[in-house]
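Report on the structure given below.
The values are calculated or read from the model by the stated rules, or taken from the named source; none is laboratory data. Predicted, not measured: the structure shown is a model, and the values here were computed from it. In this analysis, Cβ positions are derived from the backbone assuming ideal geometry, glycine residues included, and neighbour counts consider all displayed protein chains.
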């Protein structure tokens, strides 16, 4: 075997290792690089059944990530954990690989990123939630993670009581089309 081959492989491994490690960010660098903007929270349907009446709602958070650093951001994942404000009990979470190969340049803002809990709360209809005094308030804890970092907490946001759900209109109640 040619002796040049192992030396060449070692050199290539070193160069690839150094160049890829340049993309790694510490937890603090990541935290200082991202600003969460345009935050919206609400509850969305995760399951609906007209009869017998059954509605499950899950908390959701939407936002945009702004690169406030002087370097492009790439390969950033966002996650959320939804927790009760009263007892810090978790109501699920979500994870998105949001900023991938196309880097987010300095000063740029991402497309909207939406994270929805994988768990939900149950009632019979929308009014059950709106009038239920026991409906707990929740918070969304938003995290980012990039190459070389642990999940970094970017912010904690109250989940609003807005419900993005409209029951299907019963077929028999529709008005007939008027011919002109």
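Couple of notes before you dig in:
- Yes/no for residue 144 being free of Cβ contacts under 8 Å to residues at least 40 places away in the same chain and under 12 Å from the mean Cα position of the chain (by Cα): no
- Hey, residue 155 assigned to a loop (DSSP other than H, G, I, E, B) and modelled with pLDDT of 90 or more or not: no
- Filter result (surrounded by 19 or more Cβ atoms within 10 Å (Cβ to Cβ) and modelled with pLDDT of 95 or more) within region 114-138: 115, 116, 117, 138
- Counting only residues that are at pLDDT 95 or above and crowded, with 18+ Cβ neighbours inside 10 Å, region 25-35 holds 3 of them.
- Checked against (1) modelled with pLDDT of 95 or more; (2) under 30 Å from residue 147 (Cα atoms), residue 89 passes all but a single condition, namely (1).
- Filtered by the rule that a residue be assigned to a strand (DSSP E or B), within 15 Å of the chain's Cα centre (by Cα) and surrounded by fewer than 22 Cβ atoms within 10 Å (Cβ to Cβ), region 54-76 gives 58, 62, 64, 66.
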